Every structure is written in structure tokens, then in C-alpha cells.
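Working notes, beginning with the structure itself.
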Amino acid sequence: MAISISLSSLASRATRKVAAGNSGIRRIALNATTAVQEDDNPVASVYNAIEKFGQSLMRNTLQAFIDVFKFSWSKFWAQFVKTGLFLMNFNWNSTDQQLDEQIKQAEIALAASRGALAGQSLGFAICGLIPTATIAVFNEPLALYMLKELGEEAADEIASSLANMITLQLDVQVKRGFTALFKNYRTLLRGAAINFANILVRMGRLTQESVDKANENRNKPWSFAGAFEESIDSIEDPIEQAYTEEFWDEFQESCIEAGFIIAGAADSYFAAQKLANQSLVGDYGVVTIEPIRDNEAVTVDTNATSSP
């Protein structure tokens, strides 16, 4: 005995027709926030594009803020080198007026960075969003495409400017703290600097004459880098002087470069390990399917017809 089943009479097919219409195609909004409409309002589409533009800027801005404080071995080594060069070239005989002038110059650079960020943001808003919104009245697809391109460029530019401003702000705070510490403990720090210079003398990096000269000229500019250059210039033999100067220059450059290579390799290794773990476990996602509950009840004939 053969059994024939009418597919159109199945409960699942009938329910599918009610939920999806005659086409039978069910659409799921990927953003899970708005329903799919066949006749979207052009003004609403442009408004949604502008809203996504702002969300993209906020997302990239937040990411730039996080990246500044995100730890990496490359950033650690760069900060270590920057601090070391600052201490080597710092004038330990600086007056209060000179220190205040350095803080003022740092604040000027910070103000310039803030102005650049504000100008970029306003420029993209006035010269980008307003013309694009005007174009949307005549050509909606063109306006949406322009907003997409504008959003990507604006996000990169503004995020870069924000990261630069945050870095300068941190530098100003560090310089203010160091300057206040130096002013309050100038005598103690000078003593520590001289003791460190004496250690360098025993290591052969500085000469005793340069250290004694620094003690005699406390009111004249003095730094570790300057004293080191003077010790090299004091070498009478030109062959030995050229050898010593090139040796220490290449040593410093190679040491810094090797540190960046090692730090970069460590960051790459840990990033690869993290990516491998994510690929094995996979990302979790949530899909919410909401049935249409406000439709009228559907009566479906589920009885199968049979024929001999």
C-alpha cells in the first residue's frame, strides 16, 4: 500500500507560509535590532547610517584609549628607552625657571594636540556629515556609500589624534611629578647623581676630571650624556678616540634595536598563542528567533491521504 502526502498540507509548511509570506523565505536581521522592511524610508536609512558612523567613531576612540594603556613588551621597552634617554640628557643643574619653561613647552604641545583633535572632529562633522546628508535627498545609495568611506577615514584619523593627545597628557603629568620631586629633593638628587657618576668612573665610562669639573660648576648645565661626550673628547690619541666614539654609538643603537626585536617577537608569539586558542575554542554567538505571536490562529489539515 502506497502512502501519498500533500506537502502543502503539512503544519510546518502552513506555519512557514504565514510567517514568511508567499515567497517562503525567512529573513533574520543580522544586527538583531531592526526588522527587515521592503520599503525603507530614505531619511531613516541615512539617519541609521549617521548613527552607525557615530558608533564607529566612539568604538575606535575607545579602542585607541584602551591601546594606550594596553601592555605590550614593545611599549614597555620603548618606555624604558625613553626614560633612560631622558635621564641621560637631563640637565641636573637646571634652575627652577628652566624647569618651569620645560613644563610650559610640554603644555603648549598638549594644547596643540587638543586643538588638532577638536578641529578634526568638527571638520569631519561639518564638511562630511552635512554634505552627505544633503546628497541623500537626491541619491540615497551614493550618500550611504560616502558615509561608509567617510566613517572609516574619520575613525582612523580621530583615533590616532586621540592616542597622541593621551600620550602627551601622560608625558605632561610625568614631567610635572618629576619636576616637583626634583625641586623638593634637589640636593639629595644631586648627591645621587654624583654617586652614580663616580660608579661610571670606576666602570671606565667617565673620567674623574669630568666629575670633578661638574662638582665645581654646579650652576652650569651638566648631564650624563654631556659628561660622557667630554670624556671621549678628552682622549688625546685620535685613533683611540675614534674607536671609542664609534664603539659606544653602535653599542647603544644595536642594544636598543635588539631590544625592540626581542620585544616584538614576544608580542607576536603571545598574539599567535591567543589566536590559536581562539580558533580551537571558537567564538560564542547568540541567535534569538522570535515567532510571530500576533497572527491569527492557523488551522492545518494534517491528515494524510492514502491510496491503494
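Is it the case that D171 is more than 15 Å from L87 (Cα to Cα) and at pLDDT 75 or above? For D171, the condition - more than 15 Å from L87 (Cα to Cα) and at pLDDT 75 or above - is not met.
Scanning the stretch 92-106 for residues that are more than 12 Å from T179 (Cα to Cα) and open to solvent by less than 70 Å² (accessible area, probe 1.4 Å) yields N93, A106. Among the residues of the stretch 117-127, the one identified as under 30 Å from F178 (Cα atoms) and surrounded by 17 or more Cβ atoms within 10 Å (Cβ to Cβ) is L117.
Based on what the data block shows, is A193 within 42 Å of the chain's Cα centre (by Cα) and assigned to a helix (DSSP H, G or I)?
Values: within 42 Å of the chain's Cα centre (by Cα): yes; assigned to a helix (DSSP H, G or I): yes.
Spelling it out, A193 is indeed within 42 Å of the chain's Cα centre (by Cα) and assigned to a helix (DSSP H, G or I).
Does Q173 satisfy the condition of being under 23 Å from K70 (Cβ atoms), without any contact (Cβ under 8 Å) to a residue 24 or more places away in the chain and assigned to a helix (DSSP H, G or I)? Judged against the criteria, Q173 is a match.
Please pick out the residue among E236, E240, E253, E246 that is loosely packed, with under 12 Cβ neighbours inside 10 Å, modelled with pLDDT of 85 or more and either of a type in the set (K, R) or part of a loop (DSSP other than H, G, I, E, B) (or both). Please lay out each step first, then the result.
Numbers: E240 fails: either of a type in the set (K, R) or part of a loop (DSSP other than H, G, I, E, B) (or both); E253 fails: either of a type in the set (K, R) or part of a loop (DSSP other than H, G, I, E, B) (or both); E246 fails: either of a type in the set (K, R) or part of a loop (DSSP other than H, G, I, E, B) (or both).
Testing whether each residue is loosely packed, with under 12 Cβ neighbours inside 10 Å, modelled with pLDDT of 85 or more and either of a type in the set (K, R) or part of a loop (DSSP other than H, G, I, E, B) (or both) leaves just E236.
Per the conditions (1) over 21 Å from G84 (Cβ atoms); (2) open to solvent by 90 Å² or more (accessible area, probe 1.4 Å); (3) among the basic types (K, R), the sole criterion not satisfied by R186 is (2). Pairs linking a residue in the stretch 79-102 that is assigned to a loop (DSSP other than H, G, I, E, B) to a residue that is open to solvent by 60 Å² or more (accessible area, probe 1.4 Å), with Cβ atoms under 7 Å and 6 or more positions apart or on different chains, are N91/P221; N93/R218; N93/N219; N93/K220; N93/P221. Taking the criterion of being free of Cβ contacts under 8 Å to residues at least 60 places away in the same chain and either open to solvent by 90 Å² or more (accessible area, probe 1.4 Å) or aliphatic (A, V, I, L, M) (or both), the residues of the stretch 215-229 that qualify are E216, A227.
Residues are listed down the side, and each one gets a yes or a no for (1) of a type outside the set (D, E, K, R); (2) more than 28 Å from T83 (Cα to Cα); (3) surrounded by fewer than 10 Cβ atoms within 10 Å (Cβ to Cβ); (4) at pLDDT 90 or above:
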residue: F260; (1), (2), (3), (4): yes, no, no, yes
residue: A271; (1), (2), (3), (4): yes, no, no, no
residue: D283; (1), (2), (3), (4): no, yes, yes, no
residue: S306; (1), (2), (3), (4): yes, yes, no, no
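For the stretch 128-162: of the residues being under 29 Å from the mean Cα position of the chain (by Cα) and surrounded by fewer than 16 Cβ atoms within 10 Å (Cβ to Cβ), which is farthest from R114 (Cα to Cα)? Applying the filter and picking the extreme gives Y145. Within the stretch 193-237, the set of residues being hydroxyl-bearing (S, T, Y) and within 19 Å of F86 (Cβ to Cβ) comprises S223 only.
The values are calculated or read from the model by the stated rules, or taken from the named source; none is laboratory data. From a predicted model like this one, the values you see are computed outputs, not experimental measurements. In this analysis, Cβ positions are derived from the backbone assuming ideal geometry, glycine residues included, and neighbour counts consider all displayed protein chains. Keep in mind that these areas ignore ligands, DNA and RNA; they rest on the heavy atoms of the full protein, side chains included. Shrake-Rupley method; radii C 1.70, N 1.55, O 1.52, S 1.80 Å.
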